[in-house]
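The structure appears below as structure tokens.
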Amino acid sequence: MLESRELGVGIGWRPEIDITVERLPGVDFVEVVAENLNPDHLPESVVLLRERGLPVLPHAVSLSVGGAEPVDRKRVEHLARLADVLDAPLASDHVCFVRAGGLDSGHLMPVPRTREALDVLVANVRTVQEILNVPFALENIAALLEWPDAELTEAQFLGELTERTGCLLLVDVANMYANARNLNHDPLKLLDDLPLERVAYVHVAGGEEHDGVYHDTHTHPVLPEVLDLLAELVKRTKPPGVLLERDGDYPTDTDLAAELRAIRERI
Amino acid sequence: MQNPWGLSGPDFIVLYAIGFVIACVATLVLRKRARSAPLAAQHEPLTADETAYLAGGWPRMVESTLADLVERNVIRVQRNGLLYPVADSGFVPESTLEDRLVSRVAGRPGRPLHYHLATLNKLPDYDQVRDDLVRRGLLFDGGTRGRAALAALPLFVLAVIGIARWINGVNLGFPVGYLSMLLILTLVTIVFALRPIKAGPTGAGMRALRDPSRGERSERAVDAVARHGLRAYPDVTISASFRESRVGLRSYDNGSTVSTGAAAGIGWSGGSSCSSGSSSGSSSSCGGGGGGCGGGGS
């Protein structure tokens, strides 16, 4: 466990809710989407939050560390520069790939849980770690499909990844819940088997079901089931931080504060 | 040769110049009086919408409505002034303007106020507020050319006299150079004087705006913005965010740009005047001194 990096309860900083985030009670840290920020021209709001001493963590979505191709060093350098400018305790991305053969998927695509894919992922993560000046964390994603012929469970896959690279885990309980709904995964078993001592922080987000498929929309309220899953995680370990992700249809400040309060009550 | 009308050229020029000044002043007074309708009801408090319309026309009404919606957490402002709808705000529109503004922001989120203004320029809400203000003598709703022509009547009369003297002088072979110049000046002044009298607060309306007892005294953003524009939004961060979104707003009465930024507030483009071009003082400097200098007489 990363006790030295105690973060508390946070929220994803987005430009649309910049003033709201600045004023929300009970925000101990924020996360920014790395690709949306220019390290040389940080938004005034982010600068203000940093001046207040709030940790600001860059979270990338485009490194594609799970891709078969080597990672794009420019993207990693951007993340590294941002982490440096923000004086961030860590940076993160997802266990996924977002491009292949010169095409961008526009979505976070799951990585086949094979040894061969793990080797590629490990190599890419090591490249990222070489460039970053801060620890690197990787997030489990919500997938709508699974590659066939998996050689490892998700817990084994992530466990070996952290073991071989020393990377941290960004555990998204909402993604776990989505996978439980859509892929019949057992989230409790996953929590039991994950190397929770490697948890950097936790993501919580809302979603909604459409036509029998649960979508991790980040635009809906957090479901009680997701908060229950957070509580299950907390039973097993005390995460250094929990962050509310909201990416659209932003509700009132009061509602956002209530969601943060609900998260705090679970930890 | 006998002087026409018993007046020498220089004497006529002097009299004409004096008449020109008097006609200009009279036209100014008449235009101003046209804006000062009798008061229908004194000391009736102004609503926020009425204050806004009086202070800055329909754009200010939009501003104060936006301020209210932001304060009620229906619309969210980004630091750079872009507007977004707040989801699940429980918003129930209290006016057509509120309904339209929220719909616009929801349909096209992430844009500044000025982006939405053009589609909000014709709403029944404005007519209702304007008519009420006019009825109460607080607002002059703009004059037709007929009303402007009526106010310019002294100048017309002066021009007719001048033209008659000029024709007579030409027919009798007198020099008419100075009179010609004065006539041209008079005609130019008439052109300016015929501009429609602009809409705006009457004197009573201005006093009502200045008198705090006539408005709703509260800490509400809507009241502050109604009087002074978005720069007066009580929350300094949000006020600054409105300042960030640069706007080029047009006042509704004459289409002229009246503000380059929300910070400047949206207001009337200045009261009416006879004419900025009718500088009667210099125009009368011709004088007409000296014999035979061309006043249509010797």
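Taken together, the values in this text are just the output of simple stated rules run on the coordinates, not laboratory data. All figures in this text were calculated on a predicted structure; none of them were measured in a lab. With ideal geometry, Cβ positions are generated from the backbone for all residues, glycine too; neighbour counts draw on all protein chains shown.
Kindly evaluate A:Val61 against the criterion of being in contact (Cβ under 8 Å) with a residue 24 or more places away in the chain and more than 19 Å from A:Arg14 (Cβ to Cβ).
In short, no.
For A:Glu265, work out the one condition from (1) on the phi > 0 side of the Ramachandran plot; (2) free of Cβ contacts under 8 Å to residues at least 24 places away in the same chain; (3) not hydroxyl-bearing (Ser, Thr, Tyr) it doesn't fulfil.
If we test A:Glu265 against (1) on the phi > 0 side of the Ramachandran plot; (2) free of Cβ contacts under 8 Å to residues at least 24 places away in the same chain; (3) not hydroxyl-bearing (Ser, Thr, Tyr), just (1) comes out false.
Given the conditions (1) buried (at least 17 other Cβ atoms within 10 Å of the Cβ); (2) more than 14 Å from chain B (Cβ to nearest Cβ), which single one is not true for A:Pro70?
(1)
Are there any strands (runs of 3 or more DSSP E) wholly within region A:62-140 with 2 or more residues that are out of contact with any Cys (no Cβ under 7 Å at 6 or more places or on another chain) and under 29 Å from A:Ser45 (Cβ atoms), and if so which?
It comes to A:91-94, A:103-109.
So which residues in region A:93-131 are touching a strand residue (DSSP E or B) at 6+ places or on another chain (Cβ under 6 Å) and within 21 Å of A:Tyr201 (Cα to Cα)?
Answer for region A:93-131, where residues must be touching a strand residue (DSSP E or B) at 6+ places or on another chain (Cβ under 6 Å) and within 21 Å of A:Tyr201 (Cα to Cα): A:His94, A:Val95, A:Cys96, A:Leu108, A:Val128, A:Gln129.
In region B:54-87, which residues are among the small types (Gly, Ala, Ser) and within 14 Å of chain A (Cβ to nearest Cβ)?
Once the filter is applied, which keeps residues that are among the small types (Gly, Ala, Ser) and within 14 Å of chain A (Cβ to nearest Cβ), region B:54-87 yields B:Gly81, B:Ala87.
Looking only at helices (runs of 4 or more DSSP H) that fall completely inside region B:90-207, which ones have 2 or more residues that are surrounded by fewer than 20 Cβ atoms within 10 Å (Cβ to Cβ) and over 21 Å from the mean Cα position of the chain (by Cα)?
Once the helices (runs of 4 or more DSSP H) in region B:90-207 are filtered for at least 2 residues that are surrounded by fewer than 20 Cβ atoms within 10 Å (Cβ to Cβ) and over 21 Å from the mean Cα position of the chain (by Cα), what remains is B:96-107, B:113-117, B:153-172, B:177-193.
State whether the residues of region A:249-262 include one that is touching a strand residue (DSSP E or B) at 6+ places or on another chain (Cβ under 7 Å), part of a helix (DSSP H, G or I) and more than 14 Å from chain B (Cβ to nearest Cβ).
Looking through region A:249-262, at least one residue is touching a strand residue (DSSP E or B) at 6+ places or on another chain (Cβ under 7 Å), part of a helix (DSSP H, G or I) and more than 14 Å from chain B (Cβ to nearest Cβ).
Looking at region A:107-119, I want the residues that are among the charged types (D, E, K, R) and have a partner that is outside any loop (DSSP other than H, G, I, E, B) with Cβ atoms under 8 Å, at least 6 apart or on another chain. Which pairs are those?
Listed pairs, sorted by first residue: A:Arg113/A:Glu154; A:Arg113/A:Gln156; A:Arg113/A:Phe157.
From the list A:Leu82, A:Leu132, which one is in contact with a Pro (Cβ under 8 Å, 6 or more places away or on another chain) and either of a type in the set (A, V, I, L, M) or in contact (Cβ under 8 Å) with a residue 12 or more places away in the chain (or both)?
Just a single option satisfies the conditions, and that option is A:Leu82.
Just to be sure I understand, how many residues within region A:81-94 are buried (at least 23 other Cβ atoms within 10 Å of the Cβ) and under 25 Å from A:Glu163 (Cβ atoms)?
7
Conditions tested, residue by residue: (1) more than 23 Å from B:Ala106 (Cα to Cα); (2) more than 14 Å from chain B (Cβ to nearest Cβ); (3) surrounded by 23 or more Cβ atoms within 10 Å (Cβ to Cβ).
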residue: A:Glu16; (1), (2), (3): no, no, no
residue: A:Gly26; (1), (2), (3): yes, yes, no
residue: A:Glu35; (1), (2), (3): yes, yes, no
residue: A:Val46; (1), (2), (3): yes, no, no
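If you take the residues of region B:217-244 that are basic (Lys, Arg) and not in a loop (DSSP other than H, G, I, E, B), which of them is surrounded by the most Cβ atoms within 10 Å (Cβ to Cβ)?
The extreme case among them is B:Arg227.
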